[in-house]
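The block underneath contains the structure these notes are about, expressed in C-alpha cells.
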Amino acid sequence: MYSEFWDFLPLPDRGVGRAGNGGIGGLWKMNIDRIDHFVLTVADLDATCEFYHRVLGMEVVLFAGGRRALAFGVQKINLHQRGKEFDPKAQQPTPGSGDFCLITRVPIEEVVAHLGACGVAISEGPVARTGATGSIRSVYFRDPDGNLVEVSNYAS
C-alpha cells in the first residue's frame, strides 16, 4: 500500500523512481538495511551518560572532537548538548522529544525488576505491542530529559 506511493516519488537526479536496481517491478529502491545511529539532544550530557550506562548498560564512547555516544549492539545513540549541537542537526533540536524502542533478550519481568532497583518509574507496562518483525512485550519509562524509552522483547 505505502510502497506504491513512495516508490513513485521523484528522486534527485533520477527522475521518477524507476532506476531498475532490483526493486519490485523494476522500481528503484533504497534498500535500507538497519539504523546505524540516531541523535538525542540533551540538557546534561553527564546525567544522560550516567543514566543510559547504569540503567541500560550502554557503553559511553568518545569520538571525533570529544563528542559522546551511547553504544549498544551494533548501533549507537549520538548525543548533542542543547545549544552546542553539531551540524548538520535537526531543524528544532529539543531535549525530551525522543520516543524509541530498544529490543532486549532479557525477560521483561527481569527488566521491570532492574528498573525498580535503579529507581526508574515505569510509565506503562508490561504491555503487548507490535514490533517491526512481530509481537513484543514492552515497558515504557522516561530518561532524564523526558524522552520516552520503550524496552521490549519478542515473544518466543
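Does Gly131 satisfy the criteria of being under 18 Å from the mean Cα position of the chain (by Cα) and more than 19 Å from Phe51 (Cβ to Cβ)? Answer is yes for this residue. Here Ala90 fulfils each of the conditions (1) touching a helix residue (DSSP H, G or I) at 6+ places or on another chain (Cβ under 6 Å); (2) touching a residue at least 40 places away in the same chain (Cβ under 8 Å); (3) over 22 Å from His53 (Cβ atoms) apart from (1). Put simply, of Leu115, Leu102 the only residue that is farther than 21 Å from Thr133 by Cα and surrounded by 13 or more Cβ atoms within 10 Å (Cβ to Cβ) is Leu115. Screening Asp46 with (1) out of contact with any Asp or Glu (no Cβ under 7 Å at 6 or more places or on another chain); (2) open to solvent by less than 70 Å² (accessible area, probe 1.4 Å); (3) not in a loop (DSSP other than H, G, I, E, B) gives one miss only, at (2). Val149 meets the stated requirement of being open to solvent by less than 70 Å² (accessible area, probe 1.4 Å) and in contact (Cβ under 8 Å) with a residue 40 or more places away in the chain. In summary, Gly125 fulfils each of the numbered conditions (1) assigned to a strand (DSSP E or B); (2) open to solvent by 60 Å² or more (accessible area, probe 1.4 Å) with the single exception of condition (2). For the range 49-78, the candidate set comprises residues that are small (Gly, Ala, Ser), open to solvent by 20 Å² or more (accessible area, probe 1.4 Å) and within 16 Å of the chain's Cα centre (by Cα); within that set, the residue that is nearest to Gly116 (Cα to Cα) is Gly57. For the range 128-146, a tally of residues being open to solvent by less than 60 Å² (accessible area, probe 1.4 Å) and more than 18 Å from Asp44 (Cβ to Cβ) returns 6.
The values are calculated or read from the model by the stated rules, or taken from the named source; none is laboratory data. A quick note: this is a predicted structure, and the numbers were derived from the prediction, not measured. Cβ sites come from the backbone with ideal geometry, for glycine too, and all protein chains shown count toward neighbours. Note: areas computed on protein heavy atoms with side chains; ligands, DNA, RNA excluded. Shrake-Rupley method; radii C 1.70, N 1.55, O 1.52, S 1.80 Å.
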